[in-house]
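Read the structure below first, then the notes.
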Amino acid sequence: MATRSDVKMVTGKINGQDVTVPAGTTILEAAREAGIEVPNLCYQPLLRPWGSCRICTVEILGKRGGLIESCATPLGEGMEVLTHSEPCIDARQFILQMYLIDHALDCPTCDKSGECYLQDNTYLHNVNTNPYRRPKFAQPYVHFSDIIDYKWDRCIMCNRCTRVCDEMIGVTAIESSYRGMDAAITPAFGQSLDDTACTRCGMCIAVCPVGALTDRHFAHHPWELDATETICGFCDVGCTISVESNKGIVRRVSHLWERGVNHGYTCEAGRWGHELLQNPDRIFYPYVRDEDGSVYEVTWDDAINTAAETLAHYQGDQFAAIASPDSTNEEVYALQLFTRAVMGTNNIDRMLTPSQRSVEMAVRAGLGDDVSNTNNMQELFTDVKAAMVVGPDIGKAAPVASYWFYHSRQYREAKTIVISMDDFPLCRRSEVWLNPKPGTTATLLSGIARAIIDKGLAKGGSDVTGYQQWLATIQNVSVAQVAAETGVAVANIEAAAILWASGGAGISADADSYPPALIYHTVAHQGSVSENDYYGDPAEIAAACNNLAFLTGNIGRAGGGVAAMRGPANYQGATQMGAHPSFLPGGASVESVADREAFGTAWLDRWAEKAKTRNGFLPVRSLPTSLGLSRDELIKAIDAGGVKAMVIDGTVAGRLQLIDPELGAALDKLEFLLVLDSFNSPLALKADMVLPKAATLEKDGTLTNFDRTVQRVRATVPAMGESKPVHDVIGMLSERMGYGFPVMPASQIMSEIGRLVPSYGGITYSRLERSGTVTPATSFADPGSPILVGGPDGRATLSLAYTAAV
Ligand code: SF4
Ligand code: SF4
Ligand code: SF4
Ligand code: FES
C-alpha cells in the first residue's frame, strides 16, 4: 500500500494545460486542482465516484477518445482532455433536458432555489426549451423525520444522500428503493427513519444537490441570509461551519465543502445545535440572588461594582476560579490572569468530569504533557493503515472524527479494531470487535500487549514514567487469563494484536516495514455518551493505550500516535492557556522562579499606582508561588471554610446537569459564588450572582481542537440580551479593582498570548483568517507541528519525558 511519500504521479493535459496529479485522481478533480470547474451533480468530495448523472462529461482526444464522465475516470499519463468543447456542451444540454422532463420545476416554493445545482446547470447551459416532454408525475412530501422531508419529484437519483449516509456516517439509514419510474429514496427497509440508525447528522440534506431532501426547520431563501464562517463549539473535533443569519437570528448552519478539519461534514450538534441560542433558558441580563433565594436583575455597572467589592475581601487562597473548557482561548486566558494577577492565587482549574481528570493524569504521566492527540486527524486520509478505537461510541463522542474511520476503511483499505461495550456501526464493520466485560478494558489491552510481544510484533519502547513498570507487568500477563477475565476469546485477542501491531499487514518476515497504526480512545467520555457505565479506570485505559503505541513504535510516526478524545470544544486550549493549578500558560511551571518572573513581568505592571487597597485588598506584586488546589483539595478546602469565594465559567455540557456533582454540592458552602453562564444551568441556580455569557456563535476568539489546531471563532449574530464574552467581563472587573486589563478585542489578547507562550508564538488572527494552525507553532514562519516527536515527516517535541521516548 502506498503512503504519501511514494505515490506515483501522472501528467495529462486539460484544456491545453499540463496537470500533474497522483495516479488515480479523477479528471474532474485534476481539473479542479488546475482551477477548471467541471459541472457536476452526483460528484461529492470524499465519496466514491458514482458516475450516474453524466453532467460532468468531458472529451478525451485521440484515437480511443470520446465523451466520458470525468468524475469516474482517472487522468491517464499523456491524456488530453477538453472540458468545454462543443460535443461536451451538447451532451450536457441533452442530459439536462432529460432531467427536466420529469423534474418538479417548482423553484418558487423550493428551499433549494438559489443554491440548486440543477437550477445552476440549467442556467449555465442555457437550457431554456425542452423538445422532450410528457405529463409530469408528482408525489407529496414525505416526512422522513421531524428534521428531514423528501420530495420525490425533485429527486434526480444521484445517490449522494445514500452514499454519504453509508460511506461517511456509517449507518445506511436511507437507501435507494424500487426501480424505473418508481425509484425513490426511502428510510432503510421501508421503516420510519426514527427506527433506523439515523444519527440525525443532516448530511443527506447537505449533499442533496437539489431540493429533494430538505431541512424541516429551515424556511428561508438563501439570498436572505448573511453567512459567517466559524467553528462549532460543541466538541473537540472543531468543525468549520457556515452560520447563516437573518435579522440577528441564526436560521441555518450549513457546510463549507473542503474547508476546515471536517471538509464540510458535520454532525447533528453542528447542524442544529444553533437552536440553543434561542433557548428559553438563556440568560439575558446580570442578576443576583438574595439570601432568601429571590432573584432580581441588575445593571452591568451594579453587577461589576458588587462583584469587585465582594471579591476584594477574598484575595489570596480564599479564592478559586474554574474556567470552562469550551470557552475560547482568550476567555480562559483572561480568567486565569485575573485569578493569578488580581486575586493572587493559583487556584484555577477547568470544569471537568472525573473521567476527564483521570485521562489527563494518565496522558501527562505517559506523554509528559497533556496532549489530546500526538498526531493529526487528517492522517486518516493519508497514512493510517490500522486503527484501534477504544471506549464509548466514538460516533457520539466525536462524530466527525468517527466519519474518517469509515472513509479510511473504504478508500485506504485501513483495518479497524474496536474495543467497546457499546454497539455502534463501526463495531460491526470492523475486522475485529472486542466487547469486554464491564471494568476490564485495561486488562484486555494488557492481553493485546502480551500477544503482541508473544507474536514478535513489539518493536518500540520508552522510558517515560510508568512504561517500564507496565512492561514488567505485561511479562506476567497470560493471554488465556485475560480471556477468562474479560470474556474475550484468546483467538480474538490475538487477531486484534496481530492486525493492529502489524499495521493491518499481518505477520511478515520484515517487521520493520509494518505500516503505521493509531489509537483513538474515548474513555474520557465514560459516563456521558455511553449507556454502559463502566469501562474501567480511565487512567489505566489511557495509560495502556499510550504504552501500546510505544511498544509498537507508533509514537512520532505519521499515521500512528494516540488520540485521547476529551469532549469539550477547547479542552486542549484551556489547558494550554494555564487554567491549571500547577501550570501557567504554555505549560510553564508555577513553581519555577524563572517562569513566574517571565509572566510576572508581563502581567504585574498593569496595577495602577494607586490601586484600591481597602478591605486588605492589595495590588499583587509577585505571582503566587505555591501550587493551586487540585479538584479534591478544592472540595476539602471549601468544606473546611478555607476557600470562601469562587468565579466559575459555565459550560455548554453543564446546561442541564452539574459536570462534577461532588464539587457542585460543595459550592453551597461558599460565601460568594459568581457564575458566568449562557443558560440558567444547575450551576447558575447555585450562584449568588450570575452574569450572562455570550455563546460560541456570538463572540470572536479562538478554539484549539483535539489535534492542537487553533481556529478562528467569529461572532455570527449579536449576543443575546446583554451577554458578553468572559474576557470582557474580566476586563470590566479587573479595571474596577485597579488592575489595568481593560476590555479589548480578542485579537489583542491573542497577541499577548503569542508573546508569552512559545507554542502560540506563530498564532495571529491574520494567519487564522486563512486556515487553522497546528500548535506548537512558534513563529509566523513555523508551519505548525502536526506530529509530536519527530518521525520521518514529523517535527517538534513538547516535553522532556516525551522526547526521551524516541
Ligand atoms: S441524517 Fe445522517 S444518518 Fe440520518 S439519514 Fe441523513 S445522512 Fe443518514
Ligand atoms: S434525495 Fe437528493 S441526494 Fe438523494 S438521490 Fe435524490 S437528488 Fe440525490
Ligand atoms: S463533530 Fe463536534 S465540532 Fe464537529 S459538528 Fe459535531 S459537535 Fe461540532
Ligand atoms: S458528476 Fe460525474 S457522472 Fe455525475
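Structure notes:
- Taking every Cα-Cα distance in the chain and sorting them into 20 Å bins starting at zero, the pair-distance distribution P(r) comes out as 15, 44, 32, 8, 0 percent.
- Once both labels are positioned 7 Å from their Cα atoms along Cα-to-Cβ, the gap between Arg48 and Asp605 label points is 6.3 nm.
- Net length gained if the chain between Ile68 and Glu229 were fully extended (0.36 nm per residue, minus Cα distance): 54.3 nm
- Of the peptides 214-223, 410-419, the order by per-residue mean of other Cβ atoms within 10 Å, starting with the highest, comes out as 410-419, 214-223.
- Förster radius 56 Å - calculated FRET efficiency between Asp290 and Ser589 (Cβ-Cβ, nearest 0.05): 0.85
- Of all accessible heavy-atom area on the range 285-375, the percent that carbon and sulfur account for (1.4 Å): 49
- Accessible surface of the range 106-278, 1.4 Å probe, proportion on carbon and sulfur as whole %: 54
- For the range 170-197, there are no residues whose amide N sits under 11 Å from a probe point set 7 Å from the Cα of Thr109 along the beta carbon direction.
- Cα centroid of the range 145-209 to Cα centroid of the range 707-762, whole Å: 43
- Packing-based order for 251-259, 239-247, using average beta carbon neighbours within 10 Å, highest first: 239-247, 251-259
- Value at 222 nm in deg cm²/dmol, rounded to 500, when DSSP H runs of n ≥ 4 in the chain each add -39,500 (n - 2.57): -8000 deg cm²/dmol
- Per residue accessible area in Å² of the chain, where ligands, DNA and RNA are left out and the probe is 1.4 Å: 38
- Annotation: average projected area of the range 9-84 is 4.4 square nanometres, based on the convex hull of Cα atoms across all directions.
- Global geometry of the range 356-543, whether rounded, prolate or oblate, following the gyration tensor of its Cα atoms and the 1.5 cut on a/c: rounded
- Near-label residues of the range 708-729 by backbone N, under 16 Å of a point 7 Å along Cα→Cβ of Glu297: 719-724
- Start at zero, step by 5 Å, and the Cα-Cα distances of the range 106-278 spread as 1, 8, 15, 20, 20, 16, 10, 6, 2, 1, 0 percent across the bins.
- What the Cβ-Cβ distance of Ala509 and Gln378 gives, at R0 = 30 Å and to the nearest 0.05, is a FRET efficiency of 0.40.
- In this calculation the C-beta distance from Asp454 to His84 is compared with R0 = 60 Å, giving a FRET efficiency of 0.45.
- Computed over the range 153-222, Cα set: Rg, Dmax in Å: 11.9, 34
- Paramagnetic label zone (point 7 Å from Cα along Cα-to-C-beta, Ala183; backbone N under 20 Å) in the range 66-90: 68-73
- Modelled spin labels at Gln139 and Val490, positioned 7 Å past Cα toward Cβ, are 5.5 nm from each other.
- For the range 588-743, the square roots a ≥ b ≥ c of the C-alpha gyration tensor eigenvalues yield an a/c under 1.5, which makes the shape rounded.
- Using the average count of surrounding beta-carbon atoms within 10 Å as a protection proxy, the listed peptides 587-598, 162-173 rank, highest first, as 162-173, 587-598.
- Mean shadow area of the range 241-301 over all directions, Cα convex hull, nm²: 6.8
- Summarising the label geometry, the points placed 7 Å from Cα in the beta-carbon direction at Asp632 and Ala665 lie 1.6 nm from one another.
The values are calculated or read from the model by the stated rules, or taken from the named source; none is laboratory data. Quick caveat: nothing in here was measured; it's all calculated off a predicted structure. Here the Cβ is made from the backbone with ideal geometry for all residues, glycine too, and neighbour counts use every protein chain on show. Note: areas computed on protein heavy atoms with side chains; ligands, DNA, RNA excluded. Shrake-Rupley method; radii C 1.70, N 1.55, O 1.52, S 1.80 Å.
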